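The block underneath contains the structure these notes are about, expressed in structure tokens.
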Amino acid sequence: MANILKSQISELQENRIGTMHALGGLSSIPFNPRKGSLLSLEKVRAQAAIQVKGLVTGKNEIEFLVVNPETGFAALPEPSDGDIFFDIESDQFVGEGGIEYLFGYSFKDENGQVEYVAEWAFNREAEKASFEQFVDFITARREQYPDLHIYHFASYEPGALKRLMGRYATREEEIDNFLRGKVFVDLLSVVRNSLRASVESYSLKMLEPFFNFKRQVALHDANGMCQ
């Protein structure tokens, strides 16, 4: 099930709660945990309950959480015409340290039309060039749109940019400016603190059915296209 830790599983099992159905059927956690907080276990119990509900109804179940300042939806900045949606695809088994083989990003052009850029890299030279081109694109765009943000899902993208900065010893000042300016917005954190869904994982793939997204190419086939 989603968002449960191994330590929480062990503690639940020690208290004879051994399945998701058993956990989801509880109205509250009937014991005080040895480690962690009771609140964190209650969140796990609520997650189990909605997953069980989804299995019973056969539907995509969703619940919106109470809005708290600076978390969830409240953490989203004001939209900007300069906003960028960014995703990196990587292969960690290529060479030493893997390779970031695709920089994909979407933004509005000068006419307000959505544009998508895919920068492919199958060697170190191309990887460095893709990295530098993306950083230079953001730097120039921030001059036109100082309030822009870079939206990504989970922490991989900012971490990858920092690794590439270190690997090639380039664009250090620009990346530092992005981080200090809080340009990056992690949408996974927004989702986790905004809603509860009947999914085993809060990955984009598992959440796609909730916003009626349908892939034109299966993930397995898409991976083969880049070989």
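Sketch the reach of a paramagnetic label on residue 139 as a point 7 Å from Cα along Cα-to-Cβ, and name the residues of the range 149-179 whose backbone nitrogen lies under 12 Å away.
170-178
Take a quick pass over the chain and tell me how many lysine pairs come in under 17 angstrom between Cα atoms, counting only ones 8 or more apart or on separate chains.
9
Rank 7, 76, 187 by how far each Cα sits towards the positive end of the charge dipole of the chain (+1 on Lys, Arg Cβ; -1 on Asp, Glu Cβ) and give me just the farthest.
7
Test of the criteria: in the range 112-192, which chymotrypsin sites (Phe, Trp or Tyr not before Pro) are in a DSSP loop and have at most 16 other Cβ atoms within 10 angstrom of their Cβ? Don't skip to the answer; put the middle values down first.
Numbers: sites: 116, 120, 122, 131, 134, 137, 151, 153, 156, 168, 178, 184; in loops: 122, 153.
Answer by residue number: 122.
In Å and on Cα atoms, what radius of gyration and Dmax does the range 1-106 show?
Spelled out, the Cα radius of gyration and Dmax of the range 1-106 are 19.6, 53 Å.
Once amide H atoms are placed 1.01 Å from N in the peptide plane, what residues at a sequence separation of 5 or more from residue 90, or on another chain, have their amide H within under 5 Å of its amide H?
Answer set, sorted by chain and number: 101.
Using the Karplus equation 6.51 cos²θ - 1.76 cosθ + 1.60 (θ = phi - 60°), what ³J(HN,Hα) coupling, rounded to whole Hz, does each residue of the range 33-41 give in order, writing x for Gly and Pro?
x, 6, 10, x, 10, 5, 4, 5, 5
Explain nothing, just the number: dipole magnitude of the range 61-150 about its Cα centre with +1 on each Lys and Arg Cβ and -1 on each Asp and Glu Cβ, in debye rounded to the nearest 20.
Details: 5 positive and 21 negative charges, 30 e Å.
It works out to roughly 140 debye.
If neighbour count is taken as other Cβ atoms inside 10 Å, put 84, 9 in order from fewest to most.
Numbers: 84 22, 9 15.
Listing 84, 9 from fewest to most nearby Cβ atoms yields 9, 84.
With r as the distance between the Cβ atoms of residue 94 and residue 172 and R0 = 25 Å, compute the FRET efficiency 1/(1 + (r/R0)^6) and round to 0.05. Don't skip to the answer; put the middle values down first.
Numbers: r = 24 Å, r/R0 = 0.97.
Approximately 0.55, to the nearest 0.05.
So how much slack lies between residue 64 and residue 188, counting 0.36 nm per residue of separation and subtracting their Cα-Cα distance, in nm? Please list the in-between numbers first.
Working: separation 124, 0.36 × 124 = 44.64 nm, distance 1.48 nm.
Between residue 64 and residue 188, full extension yields an extra 43.2 nm.
If you take the beta carbon distance between residue 216 and residue 27 as r and set R0 to 41 Å, what does 1/(1 + (r/R0)^6) give as a FRET efficiency, to the nearest 0.05? Intermediate values should be presented prior to the final figure.
Values: r = 44 Å, r/R0 = 1.07.
In this case the efficiency is close to 0.40.
What residues have an amide H closer than 5 Å to that of residue 198, excluding those fewer than 5 places away on the same chain, when H is modeled at 1.01 Å from N in the peptide plane?
61
Pulled fully out, how much extra length does the chain show between residue 16 and residue 154, if you take 0.36 nm times their separation in residues and subtract their Cα-Cα distance? Display every interim value, and only then the final one.
On the way: separation 138, 0.36 × 138 = 49.68 nm, distance 3.33 nm.
Gain on stretching residue 16 to residue 154: 46.3 nm.
Helix-derived [θ] at 222 nm for the chain: sum -39500 (n - 2.57) over DSSP H runs of at least 4, divide by residue count, nearest 500? Walk me through the numbers before you get to the answer.
Values: 9 runs with 94 residues, N = 227.
Helix contribution divided over all residues of the chain: -12500 deg cm²/dmol.
Any idea what the dipole of the chain comes to, in debye rounded to 20, about its Cα centre with Lys/Arg Cβ at +1 and Asp/Glu Cβ at -1? The partial results should precede the final answer.
Values: 24 positive and 33 negative charges, 285 e Å.
Charge dipole of the chain: 1360 debye, to the nearest 20.
Would you mind counting up the charge near residue 102? Only other residues with Cβ under 9 Å from its Cβ, with Lys and Arg at +1 and Asp and Glu at -1. Walk me through the numbers on the way to the answer.
Numbers: positive: none; negative: 87, 89, 100, 119.
Computed value for this residue: -4.
Which value results for Rg/Rh of the chain when Rg is the Cα radius of gyration and Rh the Kirkwood radius based on the inverse mean 1/r?
Values: Rg = 20.8 Å, Rh = 20.3 Å.
For the chain, the value is 1.02.
Looking at the range 21-108, which chymotrypsin sites (Phe, Trp or Tyr not before Pro) are in a loop (DSSP not H, G, I, E or B) and have at most 16 other Cβ atoms within 10 Å?
Taking the range 21-108 and a limit of 16 other Cβ atoms within 10 Å, the loop chymotrypsin sites (Phe, Trp or Tyr not before Pro) found are 31, 93.
By the scheme Lys and Arg +1, Asp and Glu -1, what is the net charge of all other residues having a beta-carbon under 12 Å from that of residue 26?
Details: positive: 16, 45; negative: 42.
With Lys, Arg at +1 and Asp, Glu at -1, the neighbours total +1.
Pull out a ≥ b ≥ c, the square roots of the eigenvalues of the alpha-carbon gyration tensor of the range 77-206, then state rounded if a/c is under 1.5, prolate if not and a/b is larger than b/c, and oblate in the remaining case.
Values: a/c = 1.61, a/b = 1.10, b/c = 1.46.
Oblate shape, in that a/c is at least 1.5 and b/c is the bigger or equal ratio.
Quote the FRET efficiency, to the nearest 0.05, computed for residue 206 versus residue 55 with a Förster distance R0 of 22 Å and r equal to the Cβ-Cβ distance. Spell out each step's value before the answer.
Working: r = 14 Å, r/R0 = 0.65.
FRET efficiency, residue 206 to residue 55: 0.95.
Each reported figure results from applying straightforward, stated rules to the coordinates on display, with no laboratory input. Source: prediction; values computed, not measured. All Cβ positions, even for glycine, are placed from backbone atoms using ideal geometry, and neighbour counts span all protein chains on display.
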